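Step one of this worksheet: look at the structure below.
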Amino acid sequence: MLHDTIAHALNQQILLEGQSSHTYLTMAVWAETQGFDGVAEFLYAHSEEEREHMLKLMRFVNERGGIAQVPTVEAGPTEYGGLKEVFESILAHETKVTESINHVVDVCLQAKDYTTHHFMQWYVSEQIEEEGLARRILDKLALAGNDQGALYLFDRDILSFQTPAQGSHAG
Ligand code: FEO
């Protein structure tokens, strides 16, 4: 049976993963309507991954005797000044997610819930990849600058920026 503090921390994480999925979705719509089809594809796929992160947590909570809360997500921004702004907000968001996961891990240790602690290690590793990917993409965008030709190539090639592991796993 999950301790109340653990169930609460996991439900907060479920909410954040649901918000992540929603945020990537609004970004995907923005990218697609700006003509960045590759970026849109990347963001739609990432939105799905975040939904998988949420579902994996929900199933764990339910299996352990808690009740997963289906989150009500808030609408995020729908307008962006450019690709750099999109990926800067992704990095800021993923940094926030990492902090939240570290908090859950902390709560597990305090409650001596080693089962949930073990389960959360997948998320700890995932965040290293997610932050790393956002940084790599921002580096490439910095190289492209405002060069339209370079941005065209960036959009064409973005799906290849993921490591094989990032492209294949989703929870
Ligand atoms: Fe599931 Fe990008 O955090």
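The values are calculated or read from the model by the stated rules, or taken from the named source; none is laboratory data. All values reported here derive from a predicted model rather than from experimental measurement. Virtual Cβ from ideal backbone geometry, glycine too; neighbours counted across all protein chains shown. Just the protein is used for accessible areas: all its heavy atoms, side chains included, with ligands, DNA and RNA removed. Shrake-Rupley method; radii C 1.70, N 1.55, O 1.52, S 1.80 Å.
In table form, for the structure just shown:
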read-out: Angle in degrees between helix 114-144 and the longest Cα principal axis of the chain, rounded to the nearest 10; value: 10 degrees
read-out: For residue 2, net neighbour charge (Lys/Arg +1, Asp/Glu -1) across residues whose Cβ lies under 11 Å away; value: -2
read-out: Those lysines that a straight Cα-Cα span of less than 22 Å connects to residue 140, excepting residues fewer than 8 apart in one chain; value: 84
read-out: Principal-axis tilt of helix 83-110 within the chain, Cα atoms, nearest 10 degrees; value: 10 degrees
read-out: Cross-link partners of residue 56 among lysines (Cα-Cα below 27 Å; sequence separation of 8 or more within a chain); value: 96, 112
read-out: Gaussian network model of the chain, Cα within-10 Å springs - most flexible of 44, 80, 123; value: 80
read-out: Alpha-carbon gyration tensor eigenvalues x 5, square-rooted, for the chain, Å; value: 32, 15, 13
read-out: Neighbour net charge for residue 151 - beta-carbon separation under 14 angstrom, K R +1, D E -1; value: -2
read-out: Sites residue 72 and residue 136, calculated FRET efficiency, Cβ-Cβ separation with R0 41 Å, nearest 0.05; value: 0.80
read-out: Size of charge dipole - the range 1-87 - debye, nearest 20, with Cβ of Lys, Arg +1 and Asp, Glu -1, no other charges; value: 320 debye
read-out: Spatial extent of the range 117-167: Rg and Dmax, with the Cα atoms as the point set, Å; value: 14.1, 47
read-out: Using alpha-carbon coordinates, inclination of helix 37-63 to the longest axis of the chain, degrees; value: 0 degrees
read-out: Local net charge near residue 73, Cβ-Cβ under 13 Å (Lys/Arg +1, Asp/Glu -1); value: -2
read-out: Share of carbon and sulfur in the accessible heavy-atom surface of the chain [1.4 Å probe, %]; value: 54 percent
read-out: Dipole in debye (nearest 20) - the chain, about Cα centre, beta carbon charges: Lys, Arg +1; Asp, Glu -1; value: 360 debye
read-out: Dipole of the range 75-156 [Lys/Arg +1, Asp/Glu -1 at C-beta], most positive-end residue of 82, 127, 103; value: 127
read-out: Trypsin sites (Lys or Arg not before Pro) restricted to DSSP loop in the range 107-146 with at most 16 other C-beta within 10 Å; value: 112
